[in-house]
1. Label region 152-296 by shape, choosing from rounded, prolate and oblate, from the square roots a ≥ b ≥ c of the eigenvalues of the Cα gyration tensor; if a/c is under 1.5 it is rounded, and otherwise prolate applies when a/b is larger than b/c, oblate when it is not.
2. Compute the normalised compactness of region 204-256: alpha-carbon radius of gyration over 2.2 N^0.38 Å, N being the residue count.
3. Restricting to DSSP H runs of at least four residues, report the calculated mean residue ellipticity at 222 nm for the chain, -39500 (n - 2.57) per run over all residues, nearest 500 deg cm²/dmol.
4. Where does each of Lys95, Lys204 land when they are ranked from fewest to most other beta-carbon atoms within 10 angstrom?
5. Taking the Cβ-Cβ separation of Arg104 and Glu181 as r and a Förster radius of 35 Å, what is the calculated FRET efficiency to the nearest 0.05?
6. Cα centroids of region 283-300 and region 24-64: how far apart, whole angstrom?
7. Treating cross-link reach as a plain straight distance, find the lysines whose alpha-carbon is under 19 Å from the alpha-carbon of Lys170, omitting any fewer than eight places away in the same chain.
8. Could you run the Karplus curve 6.51 cos²θ - 1.76 cosθ + 1.60 with θ = phi - 60° over region 211-222 and give me ³J(HN,Hα) per residue in whole Hz, x for Gly and Pro?
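Each value in this text was obtained by applying a stated rule to the coordinates, not by laboratory testing. If you're wondering where the values come from, they're calculated on a predicted model, not measured in any experiment. Cβ sites come from the backbone with ideal geometry, for glycine too, and all protein chains shown count toward neighbours.
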Amino acid sequence: MAKVAVALSGGVDSAVSALLLSAAGHQIVGLSLQLGHGPDQAPEHGAQVARQLGIEHHVVPVAAQFARQVVAPAISAYAAGLTPNPCAWCNARVKLPLLWAAARDLGCQALATGHYARLVPGSAGPLLAMGRDARKSQAYFLARVSADLLPCLLFPLGELTKPQVREMAKKAGLAALSRPESQDGCFLPPGGWDQLMAEHQALKPGVVEDREGHLLARHQGLHRFTVGQRRGLGVAKGLPLYVLSLDGMRAAVKVGPEQDLWVKGLRARDARWFAPLAEAGDLKVRIRYAHQGVECKVDLESEGVKVVFRQPQRAVAPGQLAVFFEQDRVLGSAWITEPIS
């Protein structure tokens, strides 16, 4: 059996991952990230899980890297009128690489996490795939992880559903069962994005305007808006209006009818592929985590990729991550730069 590090956030998913690997006979070491931002409860809660399971536990301080690689880019993106994806950044830039570095220093042969994802065989090594429970799968948020890291990873929950995991935790009497689900923006202060943007002098008040450029209202921060948003626009025109686009230079929010949100494709940059695009079959792209995916055609361009949907899609937001799937396998991903009308 191997010596395996388990990323312990203190929640039920990571706790059950450690439980399963320990029951399988592995020597388990718990690792918790100390982000230095927001509530930052993983060190304390992870230690509690480790004590209950009787396993070794270490805290990995990553405040400087997290601030540089996740928090600062998210602030800059919002100020520029983009919709960032901090979870994907964190997994690829901070959480997995730095936890794996700490695991290696402790003599571990693998790093396990509580993500609902799987690894499947590929021609050049393991490929990332959706968790068996498609509704809970978190493979989308792992799509930017380096391919070199995949052989070192374990996803013990990949074949399980959330109810099964909770039942295992209940039978084992794990205290982590009572903790709430982790949320996006785990690093935010009590005042949320408003407070964080203000602390970094990144608030960008501006205007809300219609498609023709007519002033409809003024807003107090560009970060409060994303493409497709309906509520909180501060506009009353007698018909529903939605955010169509954001202009970072002018801090302008353009709004219009829902029909104008539907587009035929997108362009994206910085594509990263786990397998050759030329060898792929039919592809689907997901344009945000909650998106169900749509069949598409992908063409490589000098600046990135052009994606044409089989059917028009609603609310393509620049800054979000487009993730490409071949059946349940993650083939690659790219950052959305613009919709194609």
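1. Oblate, because a/c is 1.5 or more while a/b does not exceed b/c.
2. On the way: Rg = 9.6 Å, N = 53, 2.2 N^0.38 = 9.9 Å.
Taking the Cα Rg and dividing by 2.2 N^0.38 Å, one obtains 0.96.
3. Calculated from helices alone, the mean residue ellipticity at 222 nm is -5500 deg cm²/dmol.
4. Listing Lys95, Lys204 from fewest to most nearby Cβ atoms yields Lys204, Lys95.
5. E(calc), rounded to 0.05, equals 0.70.
6. Going from one Cα centre to the other spans 35 Å.
7. Excluding near neighbours in sequence, the set is Lys162.
8. Working through the residues one at a time gives 4, 8, x, 6, 5, 10, 6, 10, 10, 9, x, 5 Hz.
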